Amino acid sequence: MSNKINIAIDGPCGAGKSTVAKEVSKKLNYVFINSGSVYRAIALSAIRMNVDFETESEVFKMLSKIEIDLDEHENIFLNNTNVSDAIRDDKVAKAASKVAQYPLIRHYVVDFIHKITKKSKGYIMDGRDTTFKLMPHAELKIFLTGTPEVRARRRALENKDKGFETNYDVVLAEVKSRDYADQHRETDPLHITDDAIVIDSTDMNFEQVVEKIVSLAKERM
């Protein structure tokens, strides 16, 4: 992946990080990393191997027996088998939520992402701790934000498009509550790193945000 860089997109909830990151990955032909898929692959392995995923030490011991890989099409492999569809099962999702709470497992996932993104370029990842924890070495760090009102409005519209009845005021309250929690949590509170570029999407549409990040990436290639 010569002449490519790694891109980390951070920011508060409802900023559109995942949607933007996926579109940027398509335009640049980059690999989009979804850390949630890694947790789900671990959970799937625990279920298949009859490991008690309610016990952190048991899940941690299992990690030495599995191998997880990603490809350029966002597929995830468990011991060389494509499990991209299998990890979408509701049972796996519930187990993954539990597994993701364990410090030892979180450390494993962070280390996994560090290894693949230090070894090669052309990766893009989003999340609320991506710029300073998951991809601190990324050549381009973006902090994507917007006013709580705009983020709540966008989320409400997304929910409506998916067929969910949504009350804007309720969504706005949830966004503000999540912002406060993210900024004041003891471990890895949400913040803007010194080397991150802030993009306020309040007065920008989706295409403008994507093109801005693509342009910034090309400047660094």
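Being aliphatic (A, V, I, L, M) and within 21 Å of residue 127 (Cβ to Cβ) is a description that applies to residue 152.
Would you confirm, using the coordinates I've provided, whether residue 61 is loosely packed, with under 13 Cβ neighbours inside 10 Å, assigned by TED's automatic domain parsing to the domain that holds residue 16 and either over 16 Å from the mean Cα position of the chain (by Cα) or under 30 Å from residue 221 (Cβ atoms) (or both)? Explain how you work it out, then say what you get.
Values: loosely packed, with under 13 Cβ neighbours inside 10 Å: yes; assigned by TED's automatic domain parsing to the domain that holds residue 16: no; either over 16 Å from the mean Cα position of the chain (by Cα) or under 30 Å from residue 221 (Cβ atoms) (or both): yes.
Against the criterion (loosely packed, with under 13 Cβ neighbours inside 10 Å, assigned by TED's automatic domain parsing to the domain that holds residue 16 and either over 16 Å from the mean Cα position of the chain (by Cα) or under 30 Å from residue 221 (Cβ atoms) (or both)), residue 61 does not qualify.
Annotation: of all residues in the range 25-58 being among the aromatic types (Phe, Trp, Tyr) and under 19 Å from residue 104 (Cα atoms), the one that is surrounded by the most Cβ atoms within 10 Å (Cβ to Cβ) is 39. Scan the range 181-202 for residues that are touching a Gly at 6+ places or on another chain (Cβ under 9 Å) and over 22 Å from residue 137 (Cα atoms) and the total you get is 3.
Does at least one position in the range 161-173 carry a residue that is aliphatic (A, V, I, L, M) and part of a loop (DSSP other than H, G, I, E, B)?
Start the filter on the range 161-173 by keeping residues that are aliphatic (A, V, I, L, M), which leaves 170-173.
When the remaining residues are screened for being part of a loop (DSSP other than H, G, I, E, B), the result is none.
No; the residues of the range 161-173 include none that is aliphatic (A, V, I, L, M) and part of a loop (DSSP other than H, G, I, E, B).
Per-residue answers, yes or no, for (1) outside the structural domain of residue 116 (by TED's automatic domain parsing); (2) without any contact (Cβ under 8 Å) to a residue 40 or more places away in the chain; (3) more than 16 Å from residue 140 (Cβ to Cβ):
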| site | (1), (2), (3) |
| --- | --- |
| 6 | yes, no, no |
| 46 | no, no, yes |
| 55 | no, yes, yes |
| 67 | no, yes, yes |
| 70 | no, no, yes |
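Being surrounded by 12 or more Cβ atoms within 10 Å (Cβ to Cβ) and farther than 26 Å from residue 158 by Cα is the filter here; which residues of the range 198-217 pass it? Passing the criteria: 216, 217.
When residue 81 is tested against the conditions (1) touching a helix residue (DSSP H, G or I) at 6+ places or on another chain (Cβ under 9 Å); (2) among the hydroxyl-bearing types (Ser, Thr, Tyr); (3) not assigned by TED's automatic domain parsing to the domain that holds residue 158, the lone failure is (1). Scanning the range 121-141 for residues that are within 13 Å of the chain's Cα centre (by Cα) and within 11 Å of residue 11 (Cα to Cα) yields a count of 6. Go through (1) touching a helix residue (DSSP H, G or I) at 6+ places or on another chain (Cβ under 7 Å); (2) under 23 Å from residue 26 (Cβ atoms); (3) outside any strand (DSSP E or B); (4) hydrophobic (A, V, I, L, M, F, W, C) and name the single condition residue 157 misses. Failed condition: (1). Find the residue count for the range 120-154, including only residues that are modelled with pLDDT of 95 or more, of a type in the set (Ser, Thr, Tyr) and assigned to a loop (DSSP other than H, G, I, E, B). Residues flagged as modelled with pLDDT of 95 or more, of a type in the set (Ser, Thr, Tyr) and assigned to a loop (DSSP other than H, G, I, E, B) within the range 120-154 amount to 1.
Any residue at all in the range 44-51 that's more than 16 Å from residue 97 (Cα to Cα) and among the polar types (S, T, N, Q)? It would help to see each step written out before you state the result.
So in the range 44-51, the residues more than 16 Å from residue 97 (Cα to Cα) come out as 48-50.
Next, from what is left, pick out any that are among the polar types (S, T, N, Q): 50.
Yes, the range 44-51 has at least one match.
The values are calculated or read from the model by the stated rules, or taken from the named source; none is laboratory data. Just so it is clear, the structure is predicted and the values come from calculations on it, not from any experiment. Ideal geometry is used to build each Cβ from the backbone, glycine not excepted, and the neighbour counts take in all protein chains shown.
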